[in-house]
Amino acid sequence: MTDFTAGLAKAADGYPAIGFDVFGTLLLRDLAKPTDLFAWMEQSGAAPRGFMPLRVGAEKKARAAHPHAEVTLAEIYGEMPPSVGRAGLASKECAAELQAGTANLPLLALCKALRAAGKRLYAISDIYLPAAQLQAMLHRCGYPEFDGVYASSEYGVQKRSGKLFALVLKKEGLLPRQLL
């Protein structure tokens, strides 16, 4: 473990449960920016030409329609023009996400050490992807089984509002002082 992750492990001593963000924390993408995934889909033939700006625009429209809640992948694709051939594109995006994600190795080691120490682990993400997709990505990257994977899109709340954390605490029967 690095000095940083060793420090996190020490900080976790007083907590029975540890929550982690997913993207940029547990998982990294071999992309300069998240929207590069859509260009990659185009280049690989998984999506039609011109997909990237349409996908970005569709997400903006979906977010504008739901300003105080996280949108779902289905809502985003519902904003895509039918001429794009929307059928199957959401699953192709999930497959591309699965391929693009890599483990953040220091955090992978930390999660394994925390699990070995008997800590409960939670992945909590503001994302339009479903929790099952996040779990598949974490599993593919070698992470131990999480006690819960929470995607804001499945609950219509966002982390920045504090509502997703409150939901996790309630569903898991935890007090705020028990979750790092």
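The values are calculated or read from the model by the stated rules, or taken from the named source; none is laboratory data. Not measured: the values here are computed from a predicted model. For neighbour counting, all protein chains shown are included, and Cβ atoms are generated from backbone atoms with ideal geometry for every residue, glycine included. Ligands, DNA and RNA are stripped out before the accessible areas are found, and what is left, the full protein with its side chains, is counted by its heavy atoms. Shrake-Rupley method; radii C 1.70, N 1.55, O 1.52, S 1.80 Å.
Among residues of the stretch 59-76 that are of a type in the set (S, T, Y) and modelled with pLDDT under 95, those with a beta-carbon under 8 Å from a residue that is open to solvent by less than 30 Å² (accessible area, probe 1.4 Å) and not in a helix (DSSP H, G or I) at least six positions away or on a different chain give the pairs T72/Y128.
The residue that is modelled with the lowest pLDDT, counting only those in the stretch 1-30 that are outside any helix (DSSP H, G or I) and among the β-branched types (V, I, T), is T2. The lone criterion from (1) out of contact with any His (no Cβ under 9 Å at 6 or more places or on another chain); (2) in contact (Cβ under 8 Å) with a residue 24 or more places away in the chain; (3) farther than 25 Å from L8 by Cβ left unmet by L114 is number (3).
Of the residues examined, P130 is not one that is touching a Gly at 6+ places or on another chain (Cβ under 9 Å) and either closer than 28 Å to E172 by Cα or not charged (D, E, K, R) (or both). Filtering the stretch 129-180 to residues that are under 23 Å from G7 (Cβ atoms), out of contact with any helix residue (DSSP H, G or I) (no Cβ under 8 Å at 6 or more places or on another chain) and crowded, with 16+ Cβ neighbours inside 10 Å leaves only L138. Which members of the stretch 88-104 meet the condition of being assigned to a helix (DSSP H, G or I) and either polar (S, T, N, Q) or open to solvent by 40 Å² or more (accessible area, probe 1.4 Å) (or both)? Selection gives S91, K92, A95, L98, Q99. Reported count of residues in the stretch 127-158, each being in contact (Cβ under 8 Å) with a residue 60 or more places away in the chain, part of a loop (DSSP other than H, G, I, E, B) and within 13 Å of F23 (Cβ to Cβ), is 3. A113 passes every criterion in (1) part of a helix (DSSP H, G or I); (2) over 22 Å from G24 (Cβ atoms); (3) more than 16 Å from the chain's Cα centre (by Cα); (4) small (G, A, S) apart from (2).
Inside the stretch 139-157, residues that are more than 20 Å from K171 (Cα to Cα) and out of contact with any strand residue (DSSP E or B) (no Cβ under 6 Å at 6 or more places or on another chain) make up a count of 4.
Total residues in the stretch 25-37 satisfying the condition of being touching a residue at least 24 places away in the same chain (Cβ under 8 Å) and either closer than 16 Å to L129 by Cα or open to solvent by less than 60 Å² (accessible area, probe 1.4 Å) (or both): the figure is 7.
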